[in-house]
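The values are calculated or read from the model by the stated rules, or taken from the named source; none is laboratory data. The model shown is predicted, which means the values in this text are computed figures rather than measured ones. Because the Cβ atoms are built from the backbone with ideal geometry, glycine has one as well, and the counts that use them run over all protein chains shown. What goes into the accessible areas is simple: the full protein's heavy atoms, side chains included, and nothing from ligands, DNA or RNA. Shrake-Rupley method; radii C 1.70, N 1.55, O 1.52, S 1.80 Å.
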Amino acid sequence: MTSLHSISIRFICVGFLFIFISCNQNKSSEEAIDSSEVKFNLPENFVLETIYHPSAHKQGSWVALAEGANKTIYGCDQRGKIYYFKMPEKGDVVQTAKVDSLDLDIGEAHGMLWAFNSLYVAVNKNWEEDGKRGSGVYRITDSNGDGRLNDVSMLLKLEGSGEHGPHSFVLSPDGESIYFIAGNHVLIPERVKNNSRLPTNWGEDNLFTPYLDARGHANEIKAPGGWVAKFDPLGENWELISAGYRNPFDLAFNQDGELFTYDADMEWDIGMPWYRPTRICLVTPGSEYGWRTGSGKWPEYYPDNLPAVHNLEQGSPTAILSGAKLRFPSKYHNGLFIMDWSFGTIYHINLVPKGSSYSALREEFLSGTPLPLTDMIAGSDGNLYFATGGRGLDSHLYRLSYEGDIPESENTPNNEGKELRQLRHQLENYSAVSPEEAIKISWDNLDHEDRFIRYASRIALENLPVDQWKENYFLEKSPVKTIEAGIALARQGDKKEQARILNKLNQINWEVLDLQEQLDLLRNYSLLFIRMGQPDPKTQKAVIEKLKPYFPNSNNTLNRELAPIMLYLNADGTVKTLCDLLVKHTVEKTNNSSQMLSEEATLRSEQYGPLIREVIAKMPPSEAIYYGMLLSHATEGWNKELREKYFMWFYDVLSAKGGMSFKAYMENVRLQAMANVPAKEKKYFEELSGVYSPNTVMEELPQPIGPGENYTGSTINQFLWGDKMSDYDGTLADGERAYQAALCVLCHRMRGEGGATGPDLTQIGTKFGRYDLLYAIYSPNDDISDQYAFTLFHLEDGKKIAGRILSETADSVKIMPNPLNTSYTVQLLKSSVVKKELSPISPMPSGLLNRLNEKEIADLFTYLLSGADETHELYNKKNTK
């Protein structure tokens, strides 16, 4: 392997309000990267050729490839046309004059496939931009036989677009159908949903309402997320195969005929308890992989979803490709090649049979810096063709070939796991036999040791009439079968049966179950409450008596499942136990650091690498965060001591570094918890957690007109970028009033007037756009400049207090804790201070916008962005229409 050269990382750091914002600057799309500048790591005996440079010829940034008839290669610009050319001979490059574009009104494809003498195209485009060729699956054919594609037909219209939109295709192993994959922003069309391998009564299925992403990402997207469908060549018959993904971009079959995809992580969630890394998933018919919006993602141990074949770390998955058709050494043939756009890496995933599924061994196959990988295909010449680009970045097309000898005898089939896979297939195809026979084989395998077989058995039952197998459940003696069928009943059964099912579960001997079976049992309880509601008092008491002896547990994972059930059922002492677990895991710093990339890999991305290195250095205590979030839902069981412990904990957790949404999430958790505090105690606990109410302001300022509301980042986004701003007709006086009503004037100067404890905002419009400005105000804890941060004092009685230091003597220090009331001060004896450090909580209160109505928020942002300049275009655009 050649050595990896270091790359420079560029930052622009700007102080604003009380935050310190880091911005990465990418090379613009106009700035071409010569492929000779890319520092490659190549495997031995492989040769890489740069065969074309689309961006240099104003042909965009290619994200999709396909090979058609007569060695014709197709490439599509993410925001433009479909191009085509003949595959060049070894050692040659593509001549620009020989690259043409389809003379058709279609493009912006994320995926293409040549099959059935047609080019299938997944257009990824908002229908509002183009009412004729928006998102959908299209088929392009040569209708007159002149050798040129000329006829476009839409096979499936899709609602949803963007980077989480319609993606790619793969031909089935039997060559008779096509599989298609879409990200979680694409709604499943009714004609696909109506023919589904998985039950379609999907839900979020969380016992407590999840927290939505604090920055608004995918807040409106509900179950089941990204999906896979199968269709015939004419697009007449569609079948939903699998769902529950975030944003998988591509599909591939291995030599065993099993389908795989490579799903994305949510990088803003790094460090949070629900964070899931990028992962390889086996796409079985009827499978569900548990993506849910915000904090609602299912852990992979839940029995109603399937585990990944292999978990990676952070990245931006793009293509996935079987090695079967490549003229590469045989060790690559039954494996998969996967691409990571962010970190410029192609991995080889060596699939190892494991029961009816697989595990995997991963090795880095090829990497480069910079190398934004977008798509790859196995050429008919046995070579690997791949493209770089995306998001307007400079785009290249490469060919990778193997120069070594490949012995003929190397390609030998591997039959390991074949019988178990055949059994799973039989269960997945339950509709091929009579309902009676399907129920029998499914029931027989509900307790199979193989998880994928147990899952397929349960899904088959769920797709069959409940009345035909329900009584089997109540007669069943096997604990595992009882649990699996109980999950099916929770999802498909009658709510009237809840008490009877819970009574059946209560009879299971906890002690004879292994860890996974115990987790499955707890999930069964939870699903019965989620789907059927609160149990009757007698049954509730019986469930508490059943489970309480095992809570708290020495096993962290069991605690995670026992805790919400105990809280939901309002079991005595639950809040205290949760607070104890909160403190325990904060002190022990229990986190998911095993899911993080190596430092070397992070150096390949200027955009994501620095963040990941920061998180690794200051990992959030993810296990403690889980209990902190759960406690925010607790309305009973508190006392003053427990609440003090809880609200002071926010100083501890906010000292960590997580993904972009981390601190805003935690502020939302604090606000939710504060909403459950009795009104007469609120002021005390707000101040204890370093947050002061606008009601403490002493100056006479205009009051908000209101009414306000508890805005989310996404709701503010919608009207700051929507019609309310494009039709804005407010005045400078309106803006000044909003600026004062929002209390900005207390800490910030604007044109020489206002407070001085925060930075001057006169020039803020020249440094920040609306988005950065919004989140600086909405989530002020994200980054805090040392210049404006308060000092946090840890006192010997265990309490904490933060404030601006006003004066200091040999024995004491005088601080101002409330930025909204400068007359309020506290004198601290130095002998009572155990430790002092910069406070992780911003002096700027969150939620200041919640007091304003939408018009006032528009007034405020216009005032800030204009620098209070009445001649600014934002105030004068109505006169220029």
> Rounded to the nearest 500, what is the chain's calculated 222 nm mean residue ellipticity when only DSSP H runs of at least 4 contribute -39500 (n - 2.57) each, over all residues?
Replying inline: -8000 deg cm²/dmol
> To the nearest 10 square angstrom, what accessible area does Ser356 show with a 1.4 Å probe?
Replying inline: 0 Å²
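Rounded, prolate or oblate for the range 239-324? Axes are the square roots of the Cα gyration tensor eigenvalues, ordered a ≥ b ≥ c, and the cut-off for rounded is a/c under 1.5. Write down the numbers at each step before the final one.
On the way: a/c = 2.10, a/b = 1.40, b/c = 1.49.
The shape class here is oblate.
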> Tell me, how many Å apart are the Cα centres for the range 638-701 and for the range 816-881?
Replying inline: 17 Å
>> Given a 1.4 Å probe and heavy atoms of the protein chains only, how would you sort Lys576, Lys297, largest accessible area at the top?
In response: Lys576, Lys297
> Each residue of the range 205-218 in order: what ³J(HN,Hα) in whole Hz does its phi give by Karplus 6.51 cos²θ - 1.76 cosθ + 1.60, θ = phi - 60°, with x for Gly and Pro?
Replying inline: 6, 10, 5, 10, 4, x, 7, 6, 4, 5, 9, x, 5, 6
> For log10 I(q)/I(0) by the Debye sum over Cα atoms at q = 0.06, 0.07, 0.08, 0.11 Å⁻¹, which listed value, [x] -0.47, -0.64, -0.83, -1.40; [y] -0.47, -0.65, -0.87, -1.73; [z] -0.37, -0.51, -0.68, -1.36, comes from the coordinates shown?
Replying inline: [x]
>> Just to check I understand the Karplus step: with θ = phi - 60° and J = 6.51 cos²θ - 1.76 cosθ + 1.60, what whole-Hz values come out for the range 450-461, glycine and proline as x?
In response: 8, 5, 5, 6, 4, 4, 4, 5, 5, 4, 4, 4
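For the chain, what is the relative contact order in percent, using Cα pairs closer than 8 Å and at least 6 residues apart in sequence?
With pairs under 8 Å counted, the relative contact order is 11 percent.
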>> For a test of understanding, tell me how many lysine pairs in the range 714-838 have Cα atoms under 22 Å apart, given they are 8 or more places apart or on different chains.
In response: 11
>> For the range 334-485, what does the relative contact order come out to in percent, with C-alpha contacts under 8 Å and a separation of six or more?
In response: 15 percent
> Within the accessible area of the chain, what % is carbon and sulfur when the probe is 1.4 Å and the other protein chains stay in place?
Replying inline: 47 percent
> Tell me, what ³J(HN,Hα) does each residue in the range 282-289 have, in order and in whole Hz, if you take phi through Karplus 6.51 cos²θ - 1.76 cosθ + 1.60 with θ = phi - 60° and put x for Gly and Pro?
Replying inline: 7, 8, 8, x, x, 6, 10, 10
>> Please compare each pair in Lys589/Lys663; Lys354/Lys504; Lys58/Lys125 to a cut-off of 25 Å on the Cα-Cα distance and tell me which ones are over it.
In response: Lys354/Lys504
> If Met660, Met844 are ordered by their accessible area, calculated over protein heavy atoms with a 1.4 Å probe, which sequence runs from highest to lowest?
Replying inline: Met660, Met844
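Roughly speaking, what is the stretch gain from Asn472 to Lys855, that is 0.36 nm per residue apart minus the C-alpha to C-alpha distance, in nm to one decimal?
Between Asn472 and Lys855, full extension yields an extra 131.8 nm.
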> Just by accessible area at a 1.4 angstrom probe, what is the order of Leu874, Leu829, Leu792 from largest to smallest?
Replying inline: Leu829, Leu874, Leu792
>> Under 8 Å for C-alpha pairs, at least 6 residues apart: give me the relative contact order for the range 553-693, rounded to a whole percent.
In response: 26 percent
> How many Å² of accessible area per residue for the chain, probe 1.4 Å?
Replying inline: 41 Å²
> So who's got an amide H within less than 5 Å of the one on Lys39, skipping anything under 5 residues away but keeping other chains? H placed 1.01 Å off N, in plane.
Replying inline: Thr369
> Suppose R0 equals 51 Å; then what is the FRET efficiency for Glu436 and Thr557 from their Cβ-Cβ distance, rounded to the nearest 0.05?
Replying inline: 0.85
>> What FRET efficiency comes out for Gln787 versus Lys132 if R0 is 41 angstrom and r is the Cβ-Cβ distance? Round to the nearest 0.05.
In response: 0.15
